[in-house]
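Following: one structure in structure tokens, then a few remarks.
The values are calculated or read from the model by the stated rules, or taken from the named source; none is laboratory data. Keep in mind that this is a model prediction, so the values were computed, not measured. Positions of Cβ are generated from backbone atoms using ideal geometry, with glycine treated the same way; all protein chains shown enter the neighbour counts.
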């Protein structure tokens, strides 16, 4: 693999703009190579001179003196650059390179441009790396305090004497040892000492515990009610084992996230140093000028190449994590810190293809059997098959949604959208597109095979159509129960972590006002708004199997007042969930944009209610009201999709009516997606206008409209996450901000912070 591709592969997706622009520098070198090619035609005499020069250069393998002279002469005469450090913005050391060759040198202007760009990239990378090191140093100080409180709490929970166990409290602080470097790093070392000086002292843990409370996560109905009853959401220490276990688990997560951040920062330094080395070698190869060693000396002396705080932090973090959170069990402690990379499973790929082929074969078999035996033209079979079609359409919606999700994952991965971080998946547990496609095709085979079995049960080869077997009616119910049992299975089979993650998100959506709304929660709720027809089919399942003798169709269910009432309620539940989530975010964050978003879902609720009323009762006045409300909802939702969710239609963008940053290189993809989104949003109006399509039943047409909405949602998913990813890139946000278990309430904290700030100002 070429270095350029490997360099891009190892980048942290959210930090892409902070890395050295390797491709741009390579492009300048290509221009230099072209400019240095002689434009005079190759004459026979010139060709002969070049051939003779090949022989004249050969001096023998043992001519060591000659090689030494050539090397020394190259070092002296080939000094093409002079690098001067200077103090830039924020009192940081920057570098400027001066090109020394004469103006007649071929490609001189391009070489000046190359070194100017190289200095710009070095200063950019240095500044970003220093910011990240200072950030992790501050986090290390906070984790020191958290670990000190945890150890004190652990001993108190075990009913040990603080005085007798005081020696166990003295631990190595989680900080980097100051490095011995030149004058350029003197201020950085003093600052690192100032930041971590307080953490290195021995702590009075008895006094510490008097000023420590456990931070309450603030999730769930009980915490919300406690928030109304109390001013503070924190709770005092009770020194019990349950409390200790909760704190220990939260510290494990915090340390794991901190260690992963350290790994990324360290890799950022390593891969950029390697990139500078590679690009300078390419420069020497292109220009035959010796400048790499001189420039790399400056790079190695810079903060990027001369700082070892991150390495020290990683060593101390491993020590503290293993000793205090895993009882010195290094094998178990290193598993979360250095998880093994997942391997591709060939059997998943094989069975995905196998099930896909089986699904296609089953679809063909069903179509041929229905057409050959003219089942829908038979009096007894037609109502039964309509019921079966209504029941099995639930699996159609689920399979189609999973298929669109697999396609989304494939393109997210291709365009380097960091979806595991955005969805907050546990590292190593996220499903890849092959695994989602495997689940999709497996469910499709199960549903299609059972549907084909239903057709066979209602047909008698000798007598034609007969009464369906009584147990054949339960086949869809058995398939649905098998699907639910697999989803809620507590055993470690069929991607348990992903299944439980989904169940947890569903529960948080149901309890929307009582939980902090995260992206995965409202993203799932948005998916549910595209599955209204599937939710109504669940109601039809209950109606179909709860009545004795089974009704002959959905029309019998609509005769029930209870069924019609829930027919309204179930259709608006997903929109109500999103409405409540927006209100929760409005109250919690205070951003008015969430209020406008809540209004969007409120218009959708009104449109769905009026459309359902018109569907059940008909009438011209109801049609007009339903049409107006649906049109308003379509316009509002379409604008929100394109402008806010996708971030498109920017007037001052450098890409005409798109956005400045695009992951897909072909701009036409965005324009086509916008048009398709508008057209598929407008299909809502079909439920009111009821266009008749020749040869297509009403239930089949309704199913088609629902499938189109699922396809639109799948397309929406890609651009929605692309926009979210680009927002993270713009803010260099690649890690979660996790709440730490302890809160400190000490009146002297503010005074100490002010003293540290004054010391830092004096140092600067």
(request) Out of the residues in region 614-637 that are part of a helix (DSSP H, G or I) and free of Cβ contacts under 8 Å to residues at least 24 places away in the same chain, state the one that is farthest from residue 581 (Cα to Cα). (result) 620
(message) For the list (1) part of a helix (DSSP H, G or I); (2) surrounded by fewer than 19 Cβ atoms within 10 Å (Cβ to Cβ), I need the number of the one condition that residue 304 fails.
(response) (2)
(message) Which condition from (1) under 30 Å from residue 718 (Cβ atoms); (2) buried (at least 18 other Cβ atoms within 10 Å of the Cβ) is the one that residue 410 breaks?
(response) (2)
(message) Checking residue 640 against (1) outside any helix (DSSP H, G or I); (2) touching a residue at least 24 places away in the same chain (Cβ under 8 Å): exactly one of these is not met. Which one?
(response) (1)
(request) Mind listing just one residue for me: the one in region 291-301 that is surrounded by fewer than 19 Cβ atoms within 10 Å (Cβ to Cβ) and in contact (Cβ under 8 Å) with a residue 40 or more places away in the chain and, of those, nearest to residue 81 (Cα to Cα)? (result) 294
(request) May I ask you to list the residues in region 588-603 that are assigned to a helix (DSSP H, G or I) and more than 16 Å from residue 522 (Cα to Cα)? (result) 592, 603
(message) Condition first: outside any helix (DSSP H, G or I), more than 30 Å from residue 386 (Cβ to Cβ) and modelled with pLDDT of 85 or more. Can you find one or more residues in region 568-578 that meet it?
(response) no
(request) Could you look through region 357-371, keep only residues that are farther than 15 Å from residue 444 by Cβ and surrounded by 14 or more Cβ atoms within 10 Å (Cβ to Cβ), and pick out the one that is modelled with the highest pLDDT? (result) 369
(request) Could you grab the pairs with beta carbons closer than 9 Å, sequence gap of 6+ or different chains, first residue in region 328-346 and without any contact (Cβ under 8 Å) to a residue 24 or more places away in the chain and at positive phi, second one surrounded by 11 or more Cβ atoms within 10 Å (Cβ to Cβ) and in a helix (DSSP H, G or I)? (result) 328/322
(message) When you scan region 515-530, do you find a residue that is surrounded by 13 or more Cβ atoms within 10 Å (Cβ to Cβ) and farther than 22 Å from residue 422 by Cα, even just one?
(response) no
(request) Could you list all residues from region 505-528 that are more than 18 Å from the chain's Cα centre (by Cα) and either in a helix (DSSP H, G or I) or closer than 12 Å to residue 425 by Cβ (or both)? (result) 506, 507, 508, 509, 510, 512, 513, 514, 528
(request) State all residues of region 1-34 that are free of Cβ contacts under 8 Å to residues at least 24 places away in the same chain and part of a loop (DSSP other than H, G, I, E, B); if no residue qualifies, say none. (result) 1, 2
